[in-house]
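What follows is a set of notes on a single structure, which appears directly below.
The values are calculated or read from the model by the stated rules, or taken from the named source; none is laboratory data. Being a predicted model, the structure only gives us computed values, none of them experimental. Note that we place each Cβ from the backbone using ideal geometry, even for glycine, and neighbour counts take in every protein chain shown. Surface areas here come from the heavy atoms of the whole protein model, side chains and all, with no ligands, DNA or RNA. Shrake-Rupley method; radii C 1.70, N 1.55, O 1.52, S 1.80 Å.
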Amino acid sequence: MTVLVLGGTGEARELAALLVERGVPVVSSLAGRVSRPRLPVGEVRIGGFGGVDGLARHLRESGVRAVVDATHPFARVISSNAAAACHSTGVPLLRLERPGWSAAPGAESWHWVDDHDAAADTVAELGERPLLTVGRQSLDRFTGPLGNARAVVRVVDPPEHPLPEQWVVMRARGPYTEEGERELFTRHGIDVLVTKDSGGALTWAKMVVATELGVPVVVVRRPASAQGVPVVASAVEAADRVAPR
């Protein structure tokens, strides 16, 4: 019976590799929102299931023995759908989520906000040359409050919404280095950094450089996790839960 791993995160790829190594059939499901995604080992499917009902049907028809939700910490729609589908079908669900940055050095000095609208309003009060690293899907929340700012936007894929003409769009994929981030901040005169509490080391360098340069940091808090779903923080622990040695 197969383990279904949801998500294209580094944690999801690590888990898929561990399960394949243990001889456990695994299917990794990617949403398909990112072009040229890094693919895990093992079988891969790309695209949605069709909401809760579609996912529940897939679980029944495919003989899935367990689901691991290893999606991005801000991908709450699929997380909510997974919780509902697993509840209705009785398939065990485990959440694999990397720790956030709330306990990281310097976190107490950052500006923590609950959503992107609040982030946009906060940034408008802090600077005129913000670096937006919030993903392409949320950029429309910033165009109003920051319409006159000279923002620098860093995304993996092209933005989904029209942006002010004076904004600079940079397409890049981590991991990033402190040296590279320092050069970016200096070259563009970044005076405020905006990010989500994604956690992990892949994009941590920008936080280090912002602190070093005295640049204010605005962080969007993670949305609440689905209730009743057990959570682990490492791929090894997830593998031990769904496929004990």
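Using only alpha carbons, build the gyration tensor for region 91-200 and give me the equivalent ellipsoid semi-axes, biggest first, whole Å.
Details: eigenvalues 112, 59, 51 Å².
With the √(5λ) rule applied to region 91-200, the semi-axes are 24, 17, 16 Å.
What dipole magnitude, in Debye to the nearest 20, does the chain give about its Cα centre under +1 on Lys/Arg Cβ and -1 on Asp/Glu Cβ? Walk me through the numbers before you get to the answer.
On the way: 27 positive and 28 negative charges, 165 e Å.
The dipole of the chain has a size of about 800 debye.
The orientation-averaged projection of the convex hull spanning the C-alpha atoms of region 36-153 amounts to 10.1 square nanometres. Given all pairs of different Cα atoms, what value in angstroms does the Kirkwood hydrodynamic radius of region 1-54 take? After inverting the mean inverse Cα-Cα distance, the result is 11.4 Å.
Measuring with a 1.4 Å probe in the full set of protein chains, what accessible area per residue, in whole Å², belongs to the chain? Write out the running numbers ahead of the final one.
Working: 11700 Å² over 245 residues.
Here the residues of the chain average 48 Å² of exposed surface.
Working from label points 7 Å from Cα in the Cα-to-Cβ sense, the N148 to E160 distance is 3.0 nm. At 1.4 Å probe size, with the rest of the protein present, what percent of the exposed accessible area of the chain is carbon and sulfur atoms? Here carbon and sulfur together make up 51 percent of the probe-accessible area.
Angle of helix 178-188 to the longest C-alpha principal axis of the chain, folded into 0 to 90 degrees and rounded to 10: 40°.
So what is Rg over Rh here for the chain, counting just Cα atoms and using Kirkwood for Rh? Present the calculation step by step, with values, prior to reporting the outcome.
Details: Rg = 19.2 Å, Rh = 19.1 Å.
Ratio value, two decimals: 1.00.
The packing ranking of peptides 47-59, 18-30, highest mean first, is 18-30, 47-59, where packing means the average number of other beta carbon atoms within 10 angstrom of each residue.
Taking each residue as 0.36 nm, the span from V77 to V208 lengthens on full extension beyond its C-alpha to C-alpha distance by 44.1 nm. Taking Cα centre as origin and charging only the Cβ of basic (Lys, Arg, +1) and acidic (Asp, Glu, -1) residues, the dipole magnitude of region 13-53 rounds to 200 debye.
A straight line joining the Cα centroids of region 38-112 and region 115-141 runs 26 Å.
Can you compute the charge dipole magnitude of region 33-149 about its Cα centre, using +1 on each Lys and Arg Cβ and -1 on each Asp and Glu Cβ, nothing else charged? Give it in debye, rounded to the nearest 20. Kindly include the intermediate steps, with their values, before the conclusion.
On the way: 13 positive and 13 negative charges, 150 e Å.
In total the dipole reaches around 720 debye.
Between T186 and D121, the modelled labels are 3.7 nm apart [label points 7 Å from Cα along Cα→Cβ].
In the chain, taking the dipole from charged Cβ atoms about the Cα centre, the farthest positive-side position among L18, S198, A31 is held by L18. Taking all protein chains together, D197, D115 sort by accessible area into D115, D197, largest first [probe 1.4 Å]. Projecting the Cα atoms of P216, S80, A118 onto the dipole axis of the chain, where Lys and Arg carry +1 and Asp and Glu carry -1 at the beta carbon, places S80 farthest toward the positive end. If I take R0 = 41 Å and measure r between the Cβ atoms of V41 and E128 in this structure, what FRET efficiency does the formula 1/(1 + (r/R0)^6) give, to the nearest 0.05? Efficiency at R0 = 41 Å is approximately 0.35. Comparing mean-square fluctuations of T122, T71, T186 from a GNM of the chain with C-alpha springs under 10 Å, the top value falls on T186.
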